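Beneath this line is the structure, given in structure tokens, with notes to follow.
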Amino acid sequence: MKKTVTTLADGRELLYYDSRDDVVRDAVDRRPLDAVSTSSEIRRDPLLGDSVAIASHRQGRTYHPPADECPLCPSRDGRLSEIPDDRYDVVVFENRFPSLAGDSGRCEVVCFTSDHDASFADLTEEQAALVLDAWTDRTAELAGFDQVKQVFCFENRGAEIGVTLGHPHGQIYAYPFVTPRTELMLRSMEAHRERTGGNLFDDIVARELADGDRVVLTGEHWVAFVPYAAHWPYEVHLHPRRRVPDLRELDEGARTEFAQIYLELLRRFDRIFGPGEPPTPYIAAWHQAPFGVPGREEFGLHLELFTIRRTSGKLKFLAGSESGMSVFINDVPPEAAAQRLREVASE
């Protein structure tokens, strides 16, 4: 992997990740951009004890542009975009409309491919491995920022999820605090250790492998399963068999196999609802250990992949119980979801 660091016209950082070492990236951003002005603010909710990012500047962000005006495509044929070069493998740059900025953290955009009409599932194994390298490099870089406590790499896919740019891309949020969901995991991890003496993540993986009903895919280095108490209609957790706290600690075997098993998982997601159905909307979320917390090495890196589509043409909405009380009601039994995801391997 070759990494090239440059800046955009307004001073934001942009990084090219190339699979070839002989690629030269010297294109200049020729857009007449004003300096980025953000108003991101973190406010603590005294009732729930969590934090909310207030970012009013995001009201003006780019919203569903036509394909020929996509800001994530390469700059070519006289049209200038966020990427100055006329081609790229993987690109990461600071978000122009960040939810978090300055002392409040950092937001980055990750473009998986220059092909506007592709999706992550269309990538080759080499391309997917390069995205993993980019995620890992950004985790390592952002870990060195004094204000950053946790790095979250994720992809929102599909208009139903709320995606405003159709180009295949994901994001990285570098939070200045430990997120509420991770706080819950850390508390559960500690309680499990005190109660059993074991590691929660190891024991969950062992339980799913022993049971087998909810296992979707297994490899030498990874296992994918629908969790016992899945919140979403179709939800899969992907764990490395050798527990590590974050992406930086994956060994070469796990890194190589990830591309194979994750691409297969995404392709199965697109076949859940049968032929002729539109691509399945999903969120793919990496859960990494936060920095500087007790027991960090006991945390288990994993990816959670889920869709809000519960059946053909119908979405799972977060209504009263979910939104008002954080109590999920799942219409699809986890065992049935796992069975469907195993079946579609041959379709």
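The values are calculated or read from the model by the stated rules, or taken from the named source; none is laboratory data. Bear in mind the structure is a predicted one, so any value in this text is a computation, not a measurement. Counting neighbours? That spans all protein chains shown, and the Cβs are built from the backbone with ideal geometry, glycine included. All accessible areas refer to the heavy atoms of the entire protein, side chains included, with ligands and DNA or RNA removed. Shrake-Rupley method; radii C 1.70, N 1.55, O 1.52, S 1.80 Å.
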*Using a Gaussian network model of the chain with C-alpha springs under 10 Å, which one of ALA230, ALA67, ALA101 is most mobile by mean-square fluctuation?*
ALA67
_Can you give the local net charge around VAL163? Use residues other than it whose beta-carbon is closer than 11 angstrom to its beta-carbon, Lys and Arg +1, Asp and Glu -1._
-1
*What residues have an amide H closer than 5 Å to that of ARG106, excluding those fewer than 5 places away on the same chain, when H is modeled at 1.01 Å from N in the peptide plane?*
ALA174
*Toward the positive end of the charge dipole of the chain, about the Cα centre and with charges on Cβ (Lys, Arg +1; Asp, Glu -1), which of PRO233, GLN150, PHE291 goes farthest?*
PRO233
*Given C-alpha coordinates of segment 136-205, what is the ratio Rg to Rh with the Kirkwood estimate of Rh?*
1.10
_Highest-MSF residue in the chain out of ALA27, ALA140, ALA174 [GNM, Cα springs under 10 Å]_ = ALA27
_Dipole moment magnitude, nearest 20 debye, segment 193-294 about Cα centre, only Lys, Arg, Asp, Glu C-beta charged_ = 100 debye
*asked:* If I fit a long axis through the Cα atoms of helix 125-142 and take the longest principal axis of the Cα atoms of the chain, what angle between them do I get, 0 to 90°, rounded to 10?
replied: 80 degrees
*Over all pairs of distinct alpha carbons, what does the Kirkwood formula give as the hydrodynamic radius of segment 206-347, in Å?*
16.1 Å
*Per residue, how much space in cubic angstrom lies within the convex hull of the C-alpha atoms of segment 26-179?*
140 Å³
*If segment 248-297 were replaced by its equivalent ellipsoid, with semi-axes equal to the square roots of 5 times the Cα gyration tensor eigenvalues, what would those be, largest first, whole Å?*
31, 16, 6
*Hey, if we sort THR113, THR196 by accessible area with the 1.4 Å probe, largest down, what's the order?*
THR196, THR113
*Taking Cα atoms, how many degrees apart are the long axis of helix 200-211 and the longest axis of the chain, rounded to 10 and kept between 0 and 90?*
60 degrees
*Hydrodynamic radius of segment 186-250 per Kirkwood, over alpha carbon pairs, in Å*: 12.8 Å
*asked:* How tilted is helix 180-196 with respect to the longest principal axis of the chain? Cα atoms for both, answer in degrees (0 to 90, nearest 10).
replied: 30 degrees
*About the Cα centre, charge dipole magnitude for the chain (Lys/Arg +1, Asp/Glu -1 at Cβ), debye*: 800 debye
*What do you reckon, how do MET185, MET1, MET325 stack up by accessible area (1.4 Å probe), largest on top?*
MET325, MET1, MET185
_Please give the charge dipole size of segment 241-347, origin at the Cα centre, charges +1 on K and R Cβ atoms and -1 on D and E Cβ atoms. Round to the nearest 20 debye._
220 debye
*Tell me, what does the Kirkwood hydrodynamic radius of the chain come to in angstroms if you use every pair of distinct C-alpha atoms?*
21.3 Å
*Just the Cα atoms of segment 270-347, one point each, no solvent: what log10 I(q)/I(0) does Debye give at q = 0.15, 0.22 Å⁻¹?*
-0.74, -1.12
*In segment 139-254, with Lys and Arg counted as +1 and Asp and Glu as -1 at Cβ, which of these residues, LEU200, LEU165, LEU184, has the Cα nearest the positive end of the dipole, that is, farthest along it?*
LEU184
*Report relative contact order for the chain in percent, whole number only (criteria: Cα-Cα under 8 Å, sequence separation at least 6).*
15 percent
*What number comes out for the charge environment of ARG43, summing +1 per Lys or Arg and -1 per Asp or Glu over other residues with Cβ under 14 Å away?*
-3
*Within a Gaussian network of the chain (alpha carbon springs, distance under 10 Å), most fluctuating of ASP68, ASP85, ASP29*: ASP68
